[in-house]
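Structure first, then comments.
Every number in this text was worked out from the coordinates using simple rules, so none of it is lab data. As the structure is a prediction and not an experimental result, all values here were calculated from the model. Here the Cβ is made from the backbone with ideal geometry for all residues, glycine too, and neighbour counts use every protein chain on show.
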Amino acid sequence: LGSTYDNLGDYKKAIDYLQQSLAIKREIGDREGEANSLGNLGLAYFSLGDYKKAIDYHQKSLDIDREIGDRKGEAISLIGLGLAYNNLGKYKKAIDYLQQSLDIDREIGDREGEATSLTNLGSAYDHLGNYKKAIDYLQQSLAIKREIGDREGESKSLNNLGAAYFSLANYKKAIDYYQKSLAIAREIGDREGEATSLTNLGVAYRNLGEYFKAIDYYQESIAIQREIGHREGEANSLNNLGAAYFSLGEYFKGIDYYQKSLAIDREIGDRLGEADSLNNLGAAYFSLGDYKKAIDYLQQSLDIAREIGHRKGEANSLNNLGNAYFSLGDYKKAIDYLQQSLDIDREIGDRQGEASSLTNLGSAYSNLGDYKKAIDYY
């Protein structure tokens, strides 16, 4: 039941059932079952954006797996840890755990597990900005999925390859992979996978400036998410729909969708989603020139990012807060926030974020009349 509610995006209910399961497993001395319940709790907290708690549960699961010699369980727990550290922005640590998982999968001949580890390694290298390495791992994963006839896995690998090419700003190639993923999802009746591909297609077309096409894809995705009761996916698609209307200059329509997304995030306890929605609301009010309202939303987003340990989100909120204070003419406060953002960007290896923070710092110092320092940042 816990896993079912997890798949539906009702993570609070999932956690309640998984905690009950864990208590029974401990009571009857089922160590393998205990590790499994701990791992599922880690996944539920991961889905809620509470990565620190996810790491705690996956580490406990890993300790039991190693104690009882469950190599497959060990590989799964290592993946859970890798994914959590990946979302915390600790990409090198994530890669270390994922590489350990891959080594075990190859040692025990688990082809499906090997493909999963390769997929997650690809995602981690994508976040590090090493797109060639990311694509190499994702292509290896895709080859295994095809070899073992895992159509759902093939669809996911194609989606991930699309994401890697999207990161390279090769939107047309990304769209090609997303379309292939969508075709398989529809063929096998994977409604959640279909919705994910539709959302990704919307994001790609939005970046190409084809906003109405993007909106069509988002609307299709939202309809499916509502049909299958996937609340997290619905919130994500609503957020993207808001961004599309925002790009069209329909700011109040964009804000309305951001607010709907935020309401779902809070309802299901998705802290990462809540932080993203708050950040988007802050950016929307910033564009409307309502800097004080923007700062209020951005500060809330920053507080959550720090609470859950999401370093990339923290850097993004700090950067946006810096821009808001810059627009208010408070250049010293702007510099303080932008410098904090830059420090995190460098710590987690986010080169794109680093470039943005440097440019904004240059502008702030220029407005203070410190042109030498401004040139250093530019």
**Prompt:** With a 10 Å Cβ neighbour count serving as the proxy for reagent exposure, in which order, fewest first, do 310, 230 appear?
**Reply:** 230, 310
**Complete:** By the C-alpha gyration tensor axes a ≥ b ≥ c (rounded if a/c is under 1.5, else prolate when a/b exceeds b/c, else oblate), the shape of segment 258-378 is oblate
**Item:** Estimated D of segment 186-301 in µm² per second, where Rh is the Kirkwood radius over Cα pairs and Stokes-Einstein applies at 37 °C, 0.692 mPa s
**Value:** 232
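Students often get this wrong, so check it: of 90/213; 93/333; 72/133; 133/180; 132/312, which have C-alpha atoms separated by over 28 Å?
90/213; 93/333
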**Prompt:** Using alpha carbon centroids, what distance separates segment 134-200 and segment 209-260, in Å?
**Reply:** 21
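What number, in percent, do you get for the relative contact order of the chain if the mean sequence gap of Cα pairs under 8 Å and at least 6 apart is divided by its residue count?
Values: 626 pairs, mean separation 39.4, N = 378.
Here the relative contact order equals 10 percent.
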**Prompt:** Taking residue 260 as the anchor, which aspartates and glutamates have their alpha carbon closer than 19 Å to its alpha carbon, excluding any fewer than eight residues away along the same chain?
**Reply:** 10, 216, 220, 227, 232, 234, 250, 270, 274, 276, 296
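Net charge near residue 346: determine it from the other residues with C-beta under 12 Å of the C-beta of residue 346, scoring Lys and Arg +1 and Asp and Glu -1. Don't jump to the answer; show the numbers that get you there.
Numbers: positive: 311, 351; negative: 343, 345, 347, 350, 354.
Local net charge: -3.
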**Message:** I'd like to compare 301-309, 36-44, 184-192: which one has the highest average count of other Cβ atoms within 10 Å, and what's the full order after that?
**Reply:** 36-44, 301-309, 184-192
**Asked** If the cut-off is 21 Å between C-alpha atoms, which lysines fall inside it for residue 332, apart from same-chain ones fewer than 8 positions away?
**Response** 292, 293, 372, 373
**Fill in**
Taking the dipole of the chain about the Cα centre (Lys, Arg +1; Asp, Glu -1; charges at Cβ), the one of 355, 143, 122 that reaches farthest to the positive side is 355
**Message:** Assuming 0.36 nm per residue, please report the length gained on full extension of the stretch residue 59 to residue 213 beyond their Cα-Cα distance.
**Reply:** 51.1 nm
**Complete:** Share (percent) of C-alpha pair distances in segment 46-180 greater than 18 Å works out to 55
**Message:** Just to check I understand the Karplus step: with θ = phi - 60° and J = 6.51 cos²θ - 1.76 cosθ + 1.60, what whole-Hz values come out for segment 58-72, glycine and proline as x?
**Reply:** 5, 5, 5, 5, 4, 4, 5, 3, 6, 5, 9, x, 8, 5, 5
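Helix-only mean residue ellipticity at 222 nm, the chain, DSSP H runs n ≥ 4 weighted -39,500 (n - 2.57), per residue, nearest 500. What is it? Before the final figure, lay out each step's value.
Numbers: 20 runs with 329 residues, N = 378.
Mean residue ellipticity, 222 nm, calculated: -29000 deg cm²/dmol.
Can you give the FRET efficiency for residue 267 and residue 228, using 1/(1 + (r/R0)^6), R0 = 22 Å, r = Cβ-Cβ distance, to the nearest 0.05? Working shown, then result.
Details: r = 17 Å, r/R0 = 0.76.
Step by step, r from the Cβ atoms, then E = 0.85.
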**Message:** Need one word for segment 1-114: rounded, prolate or oblate. Basis is the Cα gyration tensor (sqrt eigenvalues a ≥ b ≥ c); a/c below 1.5 gives rounded, then a/b vs b/c decides.
**Reply:** oblate
**Sorted peptide list for 64-72, 348-356, criterion being average Cβ within 10 angstrom, highest first** = 348-356, 64-72
**Item:** Cβ-derived FRET efficiency at R0 25 Å, residue 66 paired with residue 146, nearest 0.05
**Value:** 0.15
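Could you sort the peptides 273-280, 15-22, 93-100 by per-residue average Cβ neighbour count (10 Å cutoff), highest mean leading?
Details: 273-280: 25.6, 15-22: 18.5, 93-100: 20.8.
Ranked from most to least packed, the peptides come out as 273-280, 93-100, 15-22.
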